[in-house]
């Protein structure tokens, strides 16, 4: 289930960032924040990507119903861009599904506690008491 959430989130982020029209529509609606790319070596970047995607949910939903998006996707159909057309349909389907966003919320809630714990454990002084308290809180 977590793999599927991450796969769908990556498809949405990469599609918007790798195509000029969806990226231009995104920048039209949101001028301050950008979508974040995960890196393979840092676990927390996956969490940050999903968290930012969820934070930008209203804008992402607006993008897939924008007239420029529809025109762009229709221009992909029939051209040599069948793979991009298919991805665009997957992006739109996932963005419009409440189940996708619900699983993102669950993922954020679950991983947020783990990251908070890891940050607390990463200190130079002894912190066994803090570790015990955090683990007790996570139960």
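Each reported figure results from applying straightforward, stated rules to the coordinates on display, with no laboratory input. These numbers come from a predicted model, not from an experiment.
Each listed q (0.30 Å⁻¹) maps to a log10 I(q)/I(0) for the stretch 18-65 from the Debye sum over equal C-alpha point scatterers, namely -1.12. Residue separation of residue 34 and residue 112 scaled by 0.36 nm, minus their Cα-Cα distance, works out to 26.0 nm of gained length.
Between residue 90 and residue 14, the contour length at 0.36 nm per residue exceeds the alpha carbon distance by 26.1 nm. Each Cα pair under 8 Å and six or more residues apart adds its separation to the average, and for the stretch 4-139 the resulting relative contact order is 24 percent. Over all directions, the projected convex hull of the C-alpha atoms in the chain averages 10.3 nm² in area.
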